Amino acid sequence: MSNSNADIRIEGLRKSFGGRDVLRDVNLEVPAGSIFGFLGLNGAGKTTLIRILLGLLQPDAGRCLMAGIDPLTQPIEARRRIGYMAENQVMYGWMRVNELIEWVALFYPAWDATLAEDLLQRMRLDPSQKVGALSKGQTSRLALLLALSHRPKLVILDDPTLGLDPIARRDLLRDMIGHLQDQGITVFFSSHLLYEIEPICDRVAILHEGRILRCAPVDELRENIKRLVFQSSQYIDTSKLPGLLDIQSYDGQLAVTVEDVDATRRALGPIHPLREVDLNLDEIFEAYVTGRREAPHAG
Amino acid sequence: MPANGQKIFRALLRKEWQEQRWRFFLGATVLSGLLAGLLRAQIIPNGEAALLIYGPVGLVMTIFLAMGSVASERADHTWEFLTVQPVSRARLLGTKWAMGLALLAGIIAIATTAGMVAMASRGFRRLPEFEYEEIRYRSNFFHLLTGAHPIQTIGVFALVATISLACWYTPLFFLLTRAKHEFTAALGGIFLTIALLVWLIQLSAGASTDFAGTVSFYHAALSCSGLLNPLSPAVLGFSENFAPFLPVLLLAQVGLWIVLPVWLVGRNSGRLIQKWMQT
């Protein structure tokens, strides 16, 4: 584990359920103060990894540290220091908003009632309303309030905008970013909606079938991963392209997506593509997860 | 328990009461109504009436209380929210277990009080005891009660019932924490209780002999194993051999079925429970 300034460190984590490997030798470091996007399709193992980080599941092998605490041996201390918001978080519908806040506050020695009150007003929540009567967007904002009011050093958000309409999603992200900016809080943001992660994340990791396929700063990904478009008549030996992620053939053109554009240029030598296309995070993710590595057959 | 720990325990208990109180009111109404009705009608002796109500109806109440707490939270998906709070799984389960146990004892206490009031409303008439009553109760624990005041009779039956049902409630509660839905939990509770009763029946007359009337090792072992059955005091109270040891048996059952499971859960709040619950 190299980076001493990491808020999350994961080393050799493995977990299987009923003989099916859900996490396979996962290694990850999340630098302190960063907003870290954790990407993966549904069923990739994101929630399992998060449950291990929270000390709710025991891994089969490996270790992790959360803000300096091992959640496997000190799960309660780890959860006290972490703010956590789950996907589609369901809370006690029979409680009123203020009752739920007061109830959750008892579990956290560092609970800041003033901050909770401030967030309650900023998130436009009625304290006397029953939790069960809140809209999905309001429920998400309340869950965010509960995750932030004990001033955690590290916040884990597990697909927090899942199931929200675009307006509610925008409101939640605005409230979240509004609070997290300049606070120095480390955010571990798991999502499969990449367009919402892209503008706010410093780094991302792509998890697929229990393995980390790539972990890098977003800018580095955008800079290095390109789609190169060639005429089909140009002879390209795709088996010799380094870091090939995807090959597509259409309209007499061949588009290859590569992990390291500089290395690919060197490998191609005198052959020049028609154009180089910049990719957004969505397209990069798709290339890693569903990319075709073999050249399409003619006809 | 530190001051903050007490606050957390009280907060969890308050939530449990809010969520479980309907079970308490329903259970208390059903058990009280049946017991008071039967005792006031006096169509069977007090002891028989108490056994009939505390036994089958009490077991249904026990399943009802043991199955509900965790399974309903899992079905409502609030279980995920509860378990991510910085509270140990042992404390969460311990609070739910304690609340269910308190409700069970409370239901029996209220039903017993209602039964006593019902008997009082008839002026504590000496029951028209059946002839065989004298013979059956001649040399067992409960025969001490045949000449006793009806209040004493019902009180002792209620005490034995509370301890025995609590002894079954505790392992049943921890076994059913794995159920992901109340319906599954109810089915599990019913099957486990039937298995318990089948086992208990081996303690009844004739269990230690086979059909030819000879004692076999198998039958003797099966019969003796019945001592471990949490409901065995209800049967052994009527046995000449075991009746004198009933108070000792009750204490042993409390140790085996309440203290030991709670101690085990409290000791190992991490791996054992999480492995069992796999959440």
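The values are calculated or read from the model by the stated rules, or taken from the named source; none is laboratory data. A quick note: this is a predicted structure, and the numbers were derived from the prediction, not measured. Methodologically, a virtual Cβ is constructed for each residue, glycine included, from the backbone with ideal geometry; neighbour enumeration extends over all protein chains shown.
Checked against the criterion of being surrounded by fewer than 17 Cβ atoms within 10 Å (Cβ to Cβ), modelled with pLDDT under 85 and in a helix (DSSP H, G or I), the candidates B:221, B:212, B:195 yield just one match: B:221. Of all residues in the range A:229-247, those satisfying the criterion of being in a strand (DSSP E or B) and more than 27 Å from the chain's Cα centre (by Cα) are A:229, A:230, A:231. Among the residues of the range A:1-23, those identified as surrounded by fewer than 16 Cβ atoms within 10 Å (Cβ to Cβ), among the charged types (D, E, K, R) and either within 14 Å of another protein chain (Cβ to nearest Cβ) or in contact (Cβ under 8 Å) with a residue 60 or more places away in the chain (or both) are A:20, A:21. Name the single residue that is farthest from residue B:20 (Cα to Cα) among those in the range A:100-117 being in a loop (DSSP other than H, G, I, E, B) and among the aliphatic types (A, V, I, L, M). Per the stated criteria, the residue is A:110. Going through (1) within 12 Å of another protein chain (Cβ to nearest Cβ); (2) in contact with a helix residue (DSSP H, G or I) (Cβ under 9 Å, 6 or more places away or on another chain); (3) not in a loop (DSSP other than H, G, I, E, B) one by one, residue A:120 falls short only on (1). For the range B:1-17, filtered to residues that are of a type in the set (Lys, Arg) and modelled with pLDDT of 90 or more, the residue that is nearest to residue A:80 (Cα to Cα) is B:10. Just checking, does the range A:84-99 include any residue being at the interface with another protein chain (Cβ under 9 Å from one of its Cβ atoms), out of contact with any strand residue (DSSP E or B) (no Cβ under 7 Å at 6 or more places or on another chain) and not in a loop (DSSP other than H, G, I, E, B)? Looking for residues that are at the interface with another protein chain (Cβ under 9 Å from one of its Cβ atoms), out of contact with any strand residue (DSSP E or B) (no Cβ under 7 Å at 6 or more places or on another chain) and not in a loop (DSSP other than H, G, I, E, B), one finds none in the range A:84-99, hence no.
Every residue, every condition in (1) at pLDDT 85 or above; (2) among the small types (Gly, Ala, Ser); (3) within 15 Å of the chain's Cα centre (by Cα), yes or no:
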site	(1), (2), (3)
B:60	yes, no, yes
B:67	yes, no, yes
B:73	yes, no, no
B:86	yes, no, no
B:103	yes, no, yes
B:106	yes, yes, yes
B:119	yes, no, no
B:142	no, no, no
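Restricting attention to the range A:58-80, the residues being facing chain B (nearest Cβ under 9 Å) and surrounded by 22 or more Cβ atoms within 10 Å (Cβ to Cβ) number 3. Only one of the numbered conditions (1) acidic (Asp, Glu); (2) over 29 Å from residue B:16 (Cβ atoms); (3) at pLDDT 80 or above is not met by residue B:131, and that is (3).
Per-residue answers, yes or no, for (1) more than 14 Å from chain B (Cβ to nearest Cβ); (2) surrounded by fewer than 18 Cβ atoms within 10 Å (Cβ to Cβ); (3) of a type in the set (Asp, Glu):
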{"site": "A:116", "(1), (2), (3)": "yes, no, no"}
{"site": "A:125", "(1), (2), (3)": "yes, no, no"}
{"site": "A:144", "(1), (2), (3)": "no, no, no"}
{"site": "A:158", "(1), (2), (3)": "no, no, yes"}
{"site": "A:178", "(1), (2), (3)": "yes, yes, no"}
{"site": "A:183", "(1), (2), (3)": "yes, yes, no"}
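Pairs meeting the criteria (first residue in the range A:118-132 and within 21 Å of residue A:94 (Cβ to Cβ) and touching a residue at least 12 places away in the same chain (Cβ under 8 Å), second residue assigned to a loop (DSSP other than H, G, I, E, B) and among the aromatic types (Phe, Trp, Tyr), beta carbons under 9 Å, at least 6 apart or on different chains) are A:130/A:94; A:131/A:92; A:131/A:94; A:132/A:92; A:132/A:94. Residue A:79 passes every criterion in (1) in a helix (DSSP H, G or I); (2) out of contact with any Gly (no Cβ under 9 Å at 6 or more places or on another chain) apart from (2).
With respect to (1) away from chain B (no Cβ under 12 Å); (2) of a type in the set (A, V, I, L, M, F, W, C); (3) over 15 Å from the mean Cα position of the chain (by Cα), the lone exception for residue A:28 is condition (3).
In the condition set (1) within 14 Å of chain B (Cβ to nearest Cβ); (2) over 12 Å from the mean Cα position of the chain (by Cα); (3) not in a strand (DSSP E or B), residue A:47 is compliant with all but (2). Do we find that residue A:223 is over 26 Å from residue A:20 (Cβ atoms) and either β-branched (Val, Ile, Thr) or surrounded by fewer than 18 Cβ atoms within 10 Å (Cβ to Cβ) (or both) in this structure? Judged against the criteria, residue A:223 is a match. Tally up the residues in the range A:101-114 that are closer than 22 Å to residue B:12 by Cβ and either aromatic (Phe, Trp, Tyr) or surrounded by fewer than 15 Cβ atoms within 10 Å (Cβ to Cβ) (or both), please. Total satisfying the criteria: 7. On the basis of being small (Gly, Ala, Ser), within 14 Å of chain B (Cβ to nearest Cβ) and assigned to a loop (DSSP other than H, G, I, E, B), does residue A:55 make the cut? Judged against the criteria, residue A:55 is a match. Does the range A:177-187 contain any residue that is modelled with pLDDT of 75 or more and at positive phi? Looking through the range A:177-187, at least one residue is modelled with pLDDT of 75 or more and at positive phi.
Residue-wise test of (1) aromatic (Phe, Trp, Tyr); (2) closer than 22 Å to residue B:263 by Cβ; (3) surrounded by fewer than 20 Cβ atoms within 10 Å (Cβ to Cβ).
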site: B:9; (1), (2), (3): yes, yes, yes
site: B:48; (1), (2), (3): no, no, yes
site: B:75; (1), (2), (3): no, no, yes
site: B:90; (1), (2), (3): no, yes, yes
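Take residue A:205 and decide whether it is modelled with pLDDT of 75 or more, closer than 24 Å to residue A:48 by Cβ and of a type in the set (A, V, I, L, M). Considered against the rule, which asks whether it is modelled with pLDDT of 75 or more, closer than 24 Å to residue A:48 by Cβ and of a type in the set (A, V, I, L, M), residue A:205 comes out as yes. Of the residues in the range A:25-37, not one is assigned to a strand (DSSP E or B) and among the hydroxyl-bearing types (Ser, Thr, Tyr).
Within the range B:65-79, the set of residues being in contact (Cβ under 8 Å) with a residue 60 or more places away in the chain and either closer than 18 Å to residue A:88 by Cα or of a type in the set (A, V, I, L, M, F, W, C) (or both) comprises B:65, B:66, B:67, B:70, B:71, B:72, B:74, B:75, B:79.
Please go through the range A:144-185 and give me each residue that is of a type in the set (Val, Ile, Thr) and either touching a Ser or Thr at 6+ places or on another chain (Cβ under 6 Å) or farther than 26 Å from residue A:111 by Cα (or both), ordered by number. Scanning the range A:144-185 gives a single hit, A:167.
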